[in-house]
1. How many of the residues making up region 37-62 are within 16 Å of ligand 2 (Cβ to nearest atom) and surrounded by fewer than 20 Cβ atoms within 10 Å (Cβ to Cβ)?
2. Kindly evaluate Asp116 against the criterion of being away from ligand 1 (no atom under 15 Å from the Cβ) and either surrounded by fewer than 24 Cβ atoms within 10 Å (Cβ to Cβ) or at pLDDT below 95 (or both).
3. So which residues in region 161-205 are touching a Leu at 6+ places or on another chain (Cβ under 6 Å) and more than 20 Å from Arg265 (Cβ to Cβ)?
4. Here are the criteria: (1) touching a helix residue (DSSP H, G or I) at 6+ places or on another chain (Cβ under 7 Å); (2) away from ligand 1 (no atom under 16 Å from the Cβ); (3) more than 18 Å from Gly220 (Cβ to Cβ). Tell me which single one Glu51 does not satisfy.
5. Identify, by number, the condition in (1) in contact with a Gly (Cβ under 8 Å, 6 or more places away or on another chain); (2) within 16 Å of ligand 3 (Cβ to nearest atom); (3) touching a residue at least 40 places away in the same chain (Cβ under 8 Å) that Lys149 doesn't meet.
6. Name every residue in region 164-214 that is in contact with a helix residue (DSSP H, G or I) (Cβ under 7 Å, 6 or more places away or on another chain), aromatic (Phe, Trp, Tyr) and more than 13 Å from ligand 1 (Cβ to nearest atom), in order of residue number.
7. Within region 155-172, take every residue that is closer than 14 Å to Ser118 by Cβ and away from ligand 3 (no atom under 16 Å from the Cβ) and give me the one that is surrounded by the most Cβ atoms within 10 Å (Cβ to Cβ).
8. Answer yes or no as to whether Thr199 is within 16 Å of ligand 2 (Cβ to nearest atom), at negative phi and touching a strand residue (DSSP E or B) at 6+ places or on another chain (Cβ under 7 Å).
Amino acid sequence: MLIDNIKELFLKIKKGNPLVHHITNNVTINDCANATLAIGGSPVMATSIEEVADMVNLANALVINFGTIDDSTYEAMLRAGKAANKKGIPVVFDPVGVGATPFRTERAIDFLKKVDVSIIRGNATEVFALIGGKAATRGVDAVEITISKEELAKKTAQQLNTIAVISGKHDVISNGEETVKIGNGDIWLTRITGTGCMTASLIASFAGITDDLFSAAIAGMSVMSLAGERAKNRLIDGEGIGTYRVKLIDEISMMDSQIWEEGVRFL
Ligand SMILES: Nc1ncnc2c1ncn2[C@@H]1O[C@H](COP(=O)(O)OP(=O)(O)O)[C@@H](O)[C@H]1O
Ligand SMILES: Cc1ncsc1CCOP(=O)(O)O
Ligand SMILES: [Mg+2]
C-alpha cells in the first residue's frame with residue numbers, strides 16, 4: 001500500500017509540476033532550485049516581506065529554510081507561513097543550524113508556535129534541539145544525540161503535531177503513529193553542502209501534489225538517499241565531490257517509480 005502510494009507520486013509530480021516557493025539560505029539556494037526542477041517541480045525563491053504572501057498564494061507548497069536566517073527574513077518567513085496556512089498549502093521546515101545558537105533555536109520555537117508546519121526535515125541534532133534536547137552542535141552538521149532517531153522522530157511528530165523527517169546514516173520518517181526507516185544513502189551525501197536542504201525541496205515538491213504528506217515525506221527523503229547511492233556508484237577514478245554533486249542532481253532528474261521501487265530499501 002505505502003509503496004503503491006509513493007509510486008503514484010512520481011507520475012503525479014511530473015503532471016502536476018507543483019510551484020514550490022522557497023524562503024531559504026544563500027548557500028544552497030541554487031541547488032534547491034535545481035533539485036526541485038529535477039524531480040518535476042517548479043521553484044520560486046522569493047524573500048521580500050512585501051511580496052511573500054502574494055507568492056505563497058500562487059504556490060502549491062512552501063519551504064522555510066533557516067540556513068542563513070536574519071531578522072528581516074524571519075519576518076518574511078512568518079508572513080509566508082501564515083499565508084500558507086490560510087491557503088491550506090503544506091509548509092516544509094528545515095531548521096538548519098537550530099541548536100547551534102540561541103538566535104536560531106529561539107526563532108525556530110517561535111516559528112512553530114505561530115505557523116502550522118506540515119513536515120519538519122532536519123538532521124538529528126537540529127530536530128533534537130527543536131524539542132528541547134541539548135546536544136553539542138557543530139554549526140549545521142549532526143552530532144550524536146542521547147535518543148534513537150526513531151524515538152526522536154515519533155516524539156517530535158507527536159509533540160509538534162507534524163511529520164518528522166530525520167536524516168542520517170539511515171533516515172527516519174514518522175507521523176507520530178507510523179515510523180519508516182530508509183536503508184539507502186552514502187557518506188558522500190555528507191561531503192557536499194545542500195543535500196539536507198535539497199531533501200526539503202524534494203519533500204515539498206511531492207507534498208505540493210498530494211494530501212498524503214506522510215508518503216510525500218518518505219518519497220522526498222528516499223529519493224535523495226537513493227540518488228546519493230546511485231551517484232556514488234557512477235563515480236570513476238579521478239572524480240571527486242564536484243562531479244558527485246553534478247551526478248547527484250542527474251540521478252534525481254532520472255528517478256522514476258521503477259528505479260525508485262527497485263532501489264529503495266526499507267529497514
Ligand atoms: N552517516 C551517513 N551515511 C550515509 N548517508 C548519510 C549519513 N549521514 C547523512 N546521510 C545522508 O545525507 C543526506 C543529508 O543528510 P544530513 O547530512 O543528515 O542533513 P543535513 O545536510 O541537513 O545535515 C541524507 O540523504 C542522509 O541520508
Ligand atoms: C553550510 C551552511 N551554512 C548555512 S546554510 C548552509 C547549508 C546547509 O546545507 P545542508 O543542511 O543541506 O547541509
Ligand atoms: Mg541541513
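1. 2
2. Yes.
3. Once the filter is applied, which keeps residues that are touching a Leu at 6+ places or on another chain (Cβ under 6 Å) and more than 20 Å from Arg265 (Cβ to Cβ), region 161-205 yields only Ile163.
4. Here Glu51 meets the rest and fails (1).
5. Unmet for Lys149, out of (1) in contact with a Gly (Cβ under 8 Å, 6 or more places away or on another chain); (2) within 16 Å of ligand 3 (Cβ to nearest atom); (3) touching a residue at least 40 places away in the same chain (Cβ under 8 Å): (3).
6. Selection gives Phe206 alone.
7. Ranking the qualifying residues of region 155-172, first place goes to Ile163.
8. On the way: within 16 Å of ligand 2 (Cβ to nearest atom): yes; at negative phi: yes; touching a strand residue (DSSP E or B) at 6+ places or on another chain (Cβ under 7 Å): yes.
Taking the combined requirement at face value, the residue satisfies it.
The values are calculated or read from the model by the stated rules, or taken from the named source; none is laboratory data. Here the structure is a predicted model, which is why all the values come from computation and not from measurement. All Cβ positions, glycine included, derive from the backbone under ideal geometry; neighbour counts span all protein chains shown.
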